[in-house]
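Chemist: Below are the structure tokens for one structure; questions will follow.
The values are calculated or read from the model by the stated rules, or taken from the named source; none is laboratory data. Just so it is clear, the structure is predicted and the values come from calculations on it, not from any experiment. Please note: Cβ atoms are built from the backbone with ideal geometry, for glycine as well, and neighbour counts cover all protein chains shown. For accessibility, only protein heavy atoms count, side chains too; no ligands or nucleic acids. Shrake-Rupley method; radii C 1.70, N 1.55, O 1.52, S 1.80 Å.
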Amino acid sequence: MQAQGKDRSNPFVNVVRLLAAGTAGGVLTAAIALPAVGGVGLTAKSTTESLSLRPEQLDEPPLPERTEIFDSEGKQIAQFYYQNRESVKIEQIAPVMLTAIISIEDFRFYEHGAIDIEGTARALAKNVTGGGVVQGGSSITQQYVKLVQFNKAKTKKEAMAAIAPTVSRKLDELRYAMAIEAKYTKNQILEKYLNISYFGAGAYGIQAAAKRFFGKPAAKLDLSEAATLAGAVQNPVRTDPTLGKTARDQLINRRNTVLDRMAELKKITVAEAAAAKKEKLGFKGTQIPGGCEESKFPYFCLYVKHEILTNPEFGATPDDREKLLQRGGLRVKTTLDPKMQKAAEQAIAKRVSTKDKPVAAQAMVVPGTGEIKAMAASRKFGDNKKKNETLINLAADGKHGGGVGFQQGSTAKAFTLAAALENGWKIDDGNSTGASYDIPTNALSPFRDCKGNRVGETHQVRNSSEGGGGFNTLRTGTEGSVNTFFMKLEEAVGLCKVVKVAEKLGIKRADGGKLQEVPTFTLGVNEMDPVTVSNAFAVFAARGEYCRPMAITEIRDRNGKVTSSKPKCKQVMDEGVADAVNEVMSGVFTRGTMTEVGGIGRDAAGKTGTTDGYTAAWFAGYTPNLASAVSVGDPRGAFEHDLTNVVIGGQHYGYVYGATISGRIWKDSMIQALKGVEAPSFTPYDRDKFGGCSKSCAPKPPKKDKDRDRDRGDGPWGNPDDDGPLDIWDTGEDNGGPITPGR
């Protein structure tokens, strides 16, 4: 034949001829030296003696396995995979599945070694006469080798070489197969083969295929289902049932071929085969969701994903971390609390619609551990702009999939309050201000950044109401969120001191940039995210202990090794200072900007925040055992799309303050999140150290006004308008006190 003439110099073709002739004549004679493999010893000699095949060890990298993410109660909330695979032991595979795959792929599997001489001779004889590789004859062991080579290919060229129909590739395959047969038992090889094989419809390995095709584990496959999957292995793309009727018909034909073969080999009866062939395909198409888009808790999922992708603890390079996430077969247990998550989601949904352009986002953090218990937002996660979806993690910073965040607003005043207390101020110390505060230019500015440079802003800070000046203390200035009071307090304490306190509490910009150290720092000009702000406020609740935000508690690798994550905490503030902050900010609920909204029936402290021009609105608050922050703003651009004259959640708002929506979301969510949870009290502040006043005390009112002021509840700090403290409280940011963006 022409093909024989062309290949006469190829020793492998000579081997094929001899193998084929030996088989046809009933005597197995080979012109190749093969060692004893699997009990078959072949030792013929000829002029092709130089072609001596010896076992060669195969590099078997771990198979790509999907990574699964779980909440704190052990329920799966997400998964990531390069290949949807869940490897199982052979004992977890239905015996009928093992019989079916062996019957159709390699019925002499338990009888031969690395190569099935009879099958290979038969196939290769046809390949020689056909002028190329036109028929397979590979054993299951050889097929396993081919799939290993294909899976570990790093480039398309390497992948094509792993399945190329060439003699050299087949010789290499045989060498590796010989070593595999010597290394593993037959059952181990079969197990590996079933776990590595692709069955179509995005399912890799028998377990994923059983779940994808029939909605059940491999251990529960019946005859018809086992035959279907055994048939799919030959050409999984052509018989992929998700591709339509033609592919499904071809898959049924393959199933029936397997059933006939099983009957022919007397593994099942003809009647059993006939009955199984009458069954419908039964493809269920069970979804195999992957990525955060398919997660029930996409924002928390995104945080965990980016924690793995950006944390060097999970790999030296970004590529290493990506492979670990997509292929590592990890079981990741997280801090997510389903009850608290539900509370946050319901509170947000009650007041902000998924269709609204402004968005609400919330995070809940445990003081003393940094565990993130909930992360929610009003918009659905996804890339469909027509449905108003977003791919930005609205509750987190840019490092964890978030955007640039929103200006923090007057929640930042808490840091100035803490800085003043650290500098020796007492709760009743204060200052007198007018209705406005003029920030001088750099040359004349009393504010210095942490490099010692004078920084100014040609800007006038005002309180929203007419007047609004007078004397305020740390307590009343905080409760009323009086802008001019905090500007003068920051001037007295020192801008750098305030910045340093904020940094100690973990404050950083959502975009990862450097904090803007400008005079209006105390009014919240830096853009933040709910996780960062809630975690910073958690430091006060934890009596000065800062803990790094924590979303992962445990990782179990594919080999069962468990690595637990512990809270990373350190004391950054004197306990007494934190206690005094808690005392002051508790009054926000009872006498300040949250009075109308009210408290939550247990000890709580917090701070409202409304930004300049109503570009964003915040509330950050905490109990001794849970902290939370809620932001509301428009991600299209907070300055171009402010929160004035807007409809949110079906309700029209002329102006959106910190307490208007954010404060109410915070209240509703915290009540539900803490239902059934103990209600500890804040540690009483040290009255001897922080009580009273020592620096600048409130002026005593004239005797003639004393009784009137007492009756009106003014205390000793009346203002020039003679309107009592309610006027003072009404002049803060929650009535529109302006906050200028940093410049």
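Chemist: Between Phe639 and Lys278, with labels modelled 7 Å along Cα→Cβ, what's the label distance in nm to one decimal, could you check?
Modeler: It works out to 7.7 nm between the two label points.
Chemist: Gain in length, Lys342 to Arg108, computed as 0.36 nm per residue apart minus the alpha-carbon separation, to one decimal in nm?
Modeler: Working it through step by step, the gained length comes to 78.6 nm.
Chemist: Moving on to the next point. When the Cα centres of the stretch 326-376 and the stretch 563-580 are compared, how far apart do they sit, in Å?
Modeler: 22 Å
Chemist: Residues of the stretch 358-485: accessible area per residue at 1.4 Å, in Å²?
Modeler: That works out to 32 Å² per residue.
Chemist: Moving on to the next point. So if R0 is 25 Å, what FRET efficiency would Asn235 and Lys386 give, r being the distance between their Cβ atoms, rounded to the nearest 0.05?
Modeler: Efficiency, rounded to the nearest 0.05: 0.05.
Chemist: I want the local charge near Ala578. Using Cβ-Cβ distances under 13 Å, sum +1 for each Lys or Arg and -1 for each Asp or Glu among the other residues.
Modeler: Once all neighbours under 13 Å are counted, the net charge is -4.
Chemist: Can you give me the solvent accessible area of Arg664 with a 1.4 Å probe, rounded to the nearest 10 Å²?
Modeler: So the heavy atoms of Arg664 present about 60 Å² to solvent.
Chemist: While we're here: Please compute the volume of the convex hull spanned by the alpha-carbon atoms of the stretch 409-480 and report it per residue in Å³.
Modeler: 112 Å³
Chemist: Let me ask you something else. Taking R0 as 25 Å, what's the FRET efficiency between Glu73 and Thr317 from their Cβ-Cβ distance, rounded to 0.05?
Modeler: Given R0 = 25 Å and the Cβ-Cβ separation, E is 0.15.
Chemist: For the stretch 558-710, what is one quarter of the convex hull surface built on the Cα atoms, given in nm²?
Modeler: Projected area, direction-averaged: 16.6 nm².
Chemist: Using a basic spin-label model with each label point 7 Å from the Cα along Cα→Cβ, how many nm lie between Ser681 and Asn453?
Modeler: That separation, rounded to one decimal, is 5.0 nm.
Chemist: Using the structure shown, select from Lys152/Lys296; Lys211/Lys280; Lys566/Lys667; Lys305/Lys514; Lys154/Lys305; Lys355/Lys514 the pairs with a Cα to Cα distance greater than 22 angstrom.
Modeler: Check vs 22 Å cut-off fails for Lys152/Lys296; Lys566/Lys667; Lys305/Lys514; Lys154/Lys305; Lys355/Lys514.
Chemist: With every protein chain left in place, what is the accessible area per residue of the stretch 635-699 in square angstrom, probe 1.4 Å?
Modeler: Counting only protein heavy atoms, the per-residue value for the stretch 635-699 is 54 Å².
Chemist: Rounded to the nearest 0.05, what FRET efficiency do Thr185 and Arg558 have when you use their Cβ-Cβ distance and R0 = 22 Å?
Modeler: On the way: r = 21 Å, r/R0 = 0.96.
E(calc), rounded to 0.05, equals 0.55.
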